[in-house]
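Below is one structure, written out as C-alpha cells; comments come after it.
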Amino acid sequence: MKPVVQLDRTGCGVASVAKLAGVTYSHARLVANRLGINVDDSRLWSDTQQVRALLKHYRLRATRQEAPFDSWQGLPDVALLAMKWHRAKGPPCWHWVVFWRSPQGPVVLDSKRALRRHVRTDFGRMKPKWWIGVEGAVHSRSR
C-alpha cells in the first residue's frame, strides 16, 4: 500500500480522499480545483463540505453526520478522522487522516509530509475528535 502524501500545507483532506479513491494527490488536487476546491482554502480543515464534495465526485459514500470519537473499536472499517482538533482565530480546525481496518490490522494513514512513516499504529498517541464513515473506498473493495 503506497501512502498519499500531501504536497500542500492544507492538503490533508485532498490527500485523504485521494487515498480512499486510489488516485494520486496531483490528480485529486486537479479534480478539487475543477470543483472549486482550492488547497489554499482553510475551509478544507475547518468545514466538511469540500471534502464531502470531493468524496462524492469519486463515488465514495460518506455518512451524513459526523460521529464523536469514542474508541478505536467503535470505528467503521473505513473512516475519515478529524485529528489535532483545535480553534485557530475562531473556527475549529483539524487534520484529516484515514482510518482503515486492513487485513493486517487497523491503521491510520496520515498524509503529513514531515512524517517518516505515513502508516501509523500508535493509537495511544492519536486523539481523534470525530469521524465520518466512508463506503466504496479502494481499501474496502480489496478486502
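Nothing in this text is a laboratory measurement; each read-out follows from the coordinates by a stated rule. Computed from a predicted structure; not experimentally measured. Cβ sites come from the backbone with ideal geometry, for glycine too, and all protein chains shown count toward neighbours.
Computed quantities for the displayed model
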| read-out | value |
| --- | --- |
| Cβ-derived FRET efficiency at R0 30 Å, Gln65 paired with Leu35, nearest 0.05 | 0.85 |
| Dipole magnitude of the range 12-141 about its Cα centre (Cβ charges: Lys, Arg +1; Asp, Glu -1), debye to nearest 20 | 240 |
| Count of Lys pairs (Cα-Cα under 13 Å; at least 8 positions apart or interchain) in the range 12-141 | 4 |
